Amino acid sequence: MSDATANFEITGANLVQIDNATINGSLGGQAFSAVFQITNSAFRFNDYLFNANSDTEPVVNRKGVVATINATSLPFAPKLTVVVGNASANVVAGTDGSPVALDANGNTIYLANTATTIPTPPVINGFYYGVRAEVNPYNLGTIGLNYAQNVGNRSAYGVDYDVKVGPVSLQGVYDLSAKDGAGSGTNGAYTGIADVFNKGDNAFYTKASVDLGIAKVAANYRAIEPAYANGVAGMSPNDTYYYSTDAGNANANTYGADVVGYGGALSTTLGPVTVAAFGDRYSSYNPGADKVDVYNASGTTATSTLTPNASYRTAYGVALGGKLFGLSLTGFYNSAGIGINSTSVHATGDYVYNSTAAYQDTALVPFAYSSTYGGVLKHDGAAADALVKGLNFTVADQYFYNEKANDFQAYGSYAATLGGITVTPFARYHSFNLSGNNGSTFTTPADGLAIRTRTYNAVKYGVTVAVPALSGVIGKPSFNAGFANSITTPGASIAVNSDSKTELYGQAALTLNDIGIANTTASIGYGYWQGFNVGSPTAASSASGGTATFSPTADRFFNSPLGGASDPFTGGNFGSKFIDFGRTTAGNVSAGSVQGVFGQVNFNGLGLNAGYFRYNDFVTPANNSSATAFKVSYTLNF
């Protein structure tokens, strides 16, 4: 054993317990490690199997050990991973495929003669274990073989690969998950391997690409059965219902579940000129059984109606651009459709506002998965030939040609450092203009997908300041602060009125990096947020909030507007005054503030954290509340 660490925590019953422990060493010259976690054992076999390394909540408590050894004495020198533990539900609603149990027809199951729903069990429940062997034959890339079991629930086998031969790269996964007692043999036992394949749930995808330098071509195929939705078949807490809903799809895997599809992309670069194109088509795993929720006249009740082939989604796009002196100018055209005949719509659910992700890491087409055309002008302040170092700005315009709606953005930031102090101001202007709509009413666009749409304008501005540790000052203090303001208003004007959504946020933190005691730091900080006409002052999503707050790329601070949906057609649906699904009664206005102070001391592995926070409801003062928090942690090295 070469080293070991242990961290302790104080429980709610004021008892001290081990939170986690790590051991590193070697066996016969073969490096090994073992990690114990009392509530959140982290491991990942592949995208769809035993995927549990980002369950930060955790949705499923996992007390267990993950041990790895580089078995260099075995053929192909595999890296072996062994996972053992015991799991139980933490967040009851959403640890499985849905927050409540459903029957075979998708209907909610209730306790007999009651209106009480039955929570579903967690994706891993009770004793679990698994083994993974990963090899890198001839340094071509990794190939993994996997076996995982949750006793009394499921057993699964899998293989995954990520290899490269010359310019050709190949990635993929195949997993087979068999539910205990689901076979066709006596007492539910499987009669053989063929019966397992017949009754089990399959997940398969493969991606291939060829990179020739000046040109790159890529293609993919995927077929994932419905049982892998929300992590069920793969016994994967990362993919549970909680992360696909409340946390904004925070831990999404490669292609989701209940899907069959294919796609391709190509790109080329000739000097400063770039060309990119992509195409993609997919449906549910069994499109003949597709259902669509049809709402009643008041929009309060939905009926699931059989609509074969409704799940088909088709998209393609092309882009032509050029780069010079840190500037890039790109023109694009996109098309998006739904149904087997690809009826044109303004956007599909794959549309991500201001996404910079290239299709299969190959083709970057702005505003993909929409029916738009337009252009994007950018300046990269970090480019070697940038016109102004530290200056980043984007001017983008996309026109939705079916709905006659125009979406325009201009935003940027400038990072300036003087005397070690970095000041970064930022600003954003966003205008969404729907033909024939002045913002005072809501309109249903031609495709009917965005039920409530209106013209609106948004401005956002702020600044962040970072002061590094000042070695010539007592205590070697460092300082960080930030301020941001956001206003979104219906109509063509940016002037604030009673229908505007506004948010204000500020924070500051001072750290003393030398207080005269070796290996000790002390920090104190303050934060303040207030919002008017927001969805809820107490239910802001943090999934993207940490980066969106001081980012000029988003209207929002946390998740209102353009949170989750990421579609400008819904951006005017901010606050709680909007009337959802055509209902005639508006909700109450939500407005409030949250503020608090915190302190932190770290001393030789001992961490002391304390904070006091207060919530003020500007509409209903009776909801005002306060909270204190205190945490002690210790890292033991031996």
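The values are calculated or read from the model by the stated rules, or taken from the named source; none is laboratory data. Keep in mind that this is a model prediction, so the values were computed, not measured. Note that each Cβ is placed from the backbone with ideal geometry, even for glycine, and that neighbours are counted across all protein chains shown. Side chains are part of the model used for accessible areas, which takes the heavy atoms of the whole protein and leaves out ligands, DNA and RNA. Shrake-Rupley method; radii C 1.70, N 1.55, O 1.52, S 1.80 Å.
Using θ = phi - 60° in the Karplus curve 6.51 cos²θ - 1.76 cosθ + 1.60, the 3J(HN,Hα) couplings for the stretch 366-378 round to x, 6, 4, 6, 9, 9, 9, 9, x, x, 9, 10, 10 Hz; x is entered for Gly and Pro.
The alpha-carbon atoms of the stretch 406-555 define a convex hull whose volume equals 138 cubic angstrom per residue.
Looking at this model, which pairs from Lys199/Lys291; Lys216/Lys378; Lys378/Lys460; Lys164/Lys323 are more than 25 angstrom apart at the alpha-carbon? Going by Cα-Cα distance, Lys164/Lys323 fall outside the 25 Å limit. On the beta carbon distance between Asn402 and Leu27, with R0 = 60 Å, the FRET formula returns roughly 0.40. Could you compute the net charge surrounding Tyr461? Neighbours are other residues with a C-beta less than 13 Å from the C-beta of Tyr461; K and R count +1, D and E count -1. Net local charge, Tyr461 excluded: 0. Using the Cβ atoms and a cut-off under 14 Å, what net charge is assigned to the surroundings of Val173, where Lys and Arg are +1 and Asp and Glu are -1? Charge balance near Val173 sits at -4. In this rough spin-label picture, where each label sits 7 Å from Cα along the Cβ direction, the Asp361-Leu510 distance is 4.7 nm. Between Lys164 and Val16, the modelled labels are 4.9 nm apart [label points 7 Å from Cα along Cα→Cβ]. All C-alpha to C-alpha distances of the stretch 40-86, sorted into 10 Å bins beginning at zero, yield P(r) values of 25, 46, 23, 7 percent in whole numbers.
Put a dot 7 Å past the Cα of Ala182, heading toward its Cβ, do the same for Ile494, and the two dots end up 5.4 nm apart.
Counting only protein heavy atoms and using a 1.4 Å probe, the accessible area of Leu387 comes to about 110 Å². Coupling constants for the stretch 136-150 follow from the phi torsions by the Karplus curve (6.51 cos²θ - 1.76 cosθ + 1.60, θ = phi - 60°), and in residue order they are 10, x, 6, 6, 8, x, 9, 10, x, 10, 9, 9, 9, 9, 10 Hz; glycine and proline get x.
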